[in-house]
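The values are calculated or read from the model by the stated rules, or taken from the named source; none is laboratory data. Model, not experiment: these values are computed from the prediction. Glycine also receives a Cβ, built like all others from the backbone with ideal geometry; neighbour counts cover every protein chain displayed. For the accessible areas, the whole protein counts, side chains as well, though only heavy atoms, and no ligand, DNA or RNA atoms are used. Shrake-Rupley method; radii C 1.70, N 1.55, O 1.52, S 1.80 Å.
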Amino acid sequence: MNKRALIVGITGQDGSYLSEFLVKKGYEVHGVIRRSSSFNTGRIEHLYQDPHESTVALKLHYGDLSDGSSLRKILSLVQPNEIYNLGAQSHVKVSFEQPVYTVEVDALGTIILLEAIRDTCPEARFYQAGSSEMFGKVQESPQTETTHFYPRSPYGCAKVFAHWQTINYREAYGAFACNGILFNHESPRRGETFVTRKITRAATRIKEGLQKKLYLGNLEAKRDWGFAGDYVEAMWLMLQQEKPDDYVVATGHTHSVKEFVKAVFTYLDIDWEQVVSVDPRYYRPTEVDLLLGNATKCREVLGWSPQVNFQELVKMMTEADWELARNERLIQENNQL
Ligand code: NAP
Ligand code: F7E
C-alpha cells in the first residue's frame, strides 16, 4: 500500500514543492488548508486537478494549527505515516507587528499538532520546519546543529520553542520527530513580500515599463540562499532514516541583499542604482545581519546536497517573473486597444 503523508502548510512555497515530490514518489498526499475569503491554492492547483490522472493526487482538508480539534479529526481520518509541519506565519517583519498571533501559530500551533499526533497516530514520523532565524545574532559562523540559538524576532523565538518541543516529544514519548533547520530557500513560488521575490518581481516589471522604482530596507544583510525545490528532498530524507535527528540544510554560501539586487538587475541589463532606493520602513527593530549554514551532517548522513547555486537561482526567479511581467504588459496593451 502507498505511504500516506499529511502536509500542514501545503498551500505555501515549500508545501507545493513537497507535494510534487511526494506525489512523484507514489505517496497519497493529504494537506491541511485554511478557509479564506479567496482561494489560496494556486501553487498546488496543477496537482489537485491533474487532467491526466484518473484519481486526484492530493486530498485537502480544512483545518488550522490553532484548532486542535480539526487537526485531531484529520489525523484520525488520514492516519498518515509521515507528517510535515510547514504551517506558519512565516514573515519575520510581520512577526514584529503580530507577535502574539505569530507565537500562537508557530509555537503553540506546533505543540497542539504534536499533542494531536500523540493521541491519534503516535507511530507517525514528524518533520518540524525549523529556521536559521533561530540563530539570529549568530554566536559562531558558519552555523551548525550545535550552534547556540539567539533569535532576534518573535518569529525566531516561536521557532526556537517549536524546535525544543519537537526534541522533547522525541525524548519524552519516543516520537520519531525531526527538526530541519533550514536556511533561506527561494523559488519562483516564493511569496512576493520576501526580499528575493520582491526584487525579481519589481526588476522585471521595471524592465517591462510597468513600474519605476523599487524600495527596499537593509541592503547589507547577508543570507545563505538556496532553492526550495532542493530543500524539500532533505525534509523527506530526514524521515527515511533509522533514527530521528536534527539537521541544518544550507548551501554554505552567503550573499548580501545588495548582491542579489545587482545580480538580478545586471541580468536584465538595468543600472540598479538609478531605480532602487532604501526606505527605512522596511527596516526591522532587530536585524539578523549574517546567516551562513554548514550542512556537513546533512550531506554525510542524508547524502543531500543542493543542486541549484546562487546564479542559477537568480536566473530561474528572474526568468519566471519576466514571463509574468511580459504577460502583464500584453494584457495592459490589449486593454488599451
Ligand atoms: P509560506 O509560503 O509562508 O507558507 C506557509 C504555509 O503555512 C501556508 O500554507 C499557510 O497557509 C500555512 N499556514 C499559515 N498559518 C497557518 C495556520 N494557522 N494553520 C495552518 N496552516 C497555516 O512558507 P514557506 O516558505 O513555504 O515555509 C514553510 C515553513 O518553513 C514555514 O514554517 C516557515 O516558517 C519555515 N521556513 C521557511 C524558510 C524559507 O526560507 N522559505 C526557511 C526556514 C524555515 P495559507 O496559504 O492559508 O496562508
Ligand atoms: O528578508 C532584508 C531583510 O524577508 C531577508 C523567511 O522565509 O527566511 C525568511 O526570513 C533579508 C532581511 O527573509 C527588504 O531585512 C531588505 O535581512 O526575504 P526576507 P528572512 O527575514 O530572512 C527565514 C530562514 C525564515 O525562516 C522565514 O520564514 O532581506 N530586506 N529589504 C528585506 N526583506 C524584505 N522582506 N523586504 C524588503 O524590502
**Request:** May I ask you to list the residues in region 120-142 that are more than 19 Å from the chain's Cα centre (by Cα) and within 25 Å of Gln241 (Cβ to Cβ)?
**Result:** Thr120, Cys121, Pro122, Glu123, Ala124, Arg125, Pro142
**Prompt:** Considering region 8-25 alone, what residues qualify as being of a type in the set (Val, Ile, Thr) and under 13 Å from Tyr127 (Cα atoms)?
**Reply:** Val8
**Prompt:** List, please: which pairs have Cβ atoms under 6 Å, are six or more places apart or on different chains, and start with a residue in region 29-43 that is open to solvent by 70 Å² or more (accessible area, probe 1.4 Å) and end with one that is within 16 Å of ligand 2 (Cβ to nearest atom)?
**Reply:** Arg43/Ser16; Arg43/Arg189
**Message:** Here is a check on your reading of the model: is Val261 among the aliphatic types (A, V, I, L, M), within 24 Å of the chain's Cα centre (by Cα) and more than 28 Å from Ile7 (Cβ to Cβ)?
**Reply:** yes
**Message:** Pairs please, first residue from region 148-173 and over 22 Å from Ala124 (Cα atoms), second anywhere and modelled with pLDDT under 95 and within 14 Å of ligand 1 (Cβ to nearest atom), Cβ atoms under 6 Å, 6+ apart in sequence or on different chains.
**Reply:** none
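Check region 196-204 and report whether any residue there is open to solvent by 10 Å² or more (accessible area, probe 1.4 Å) and hydrophobic (A, V, I, L, M, F, W, C).
Residues of region 196-204 open to solvent by 10 Å² or more (accessible area, probe 1.4 Å): 197-198, 201.
Okay, now just the ones that are also hydrophobic (A, V, I, L, M, F, W, C), so none.
No - not one qualifying residue is present in region 196-204.
Quick check, is Ala234 touching a residue at least 40 places away in the same chain (Cβ under 8 Å), closer than 21 Å to Asn85 by Cα, small (Gly, Ala, Ser) and touching a strand residue (DSSP E or B) at 6+ places or on another chain (Cβ under 8 Å)? Step through it out loud before you land on a result.
Working: touching a residue at least 40 places away in the same chain (Cβ under 8 Å): yes; closer than 21 Å to Asn85 by Cα: yes; small (Gly, Ala, Ser): yes; touching a strand residue (DSSP E or B) at 6+ places or on another chain (Cβ under 8 Å): yes.
It is true that Ala234 is touching a residue at least 40 places away in the same chain (Cβ under 8 Å), closer than 21 Å to Asn85 by Cα, small (Gly, Ala, Ser) and touching a strand residue (DSSP E or B) at 6+ places or on another chain (Cβ under 8 Å).
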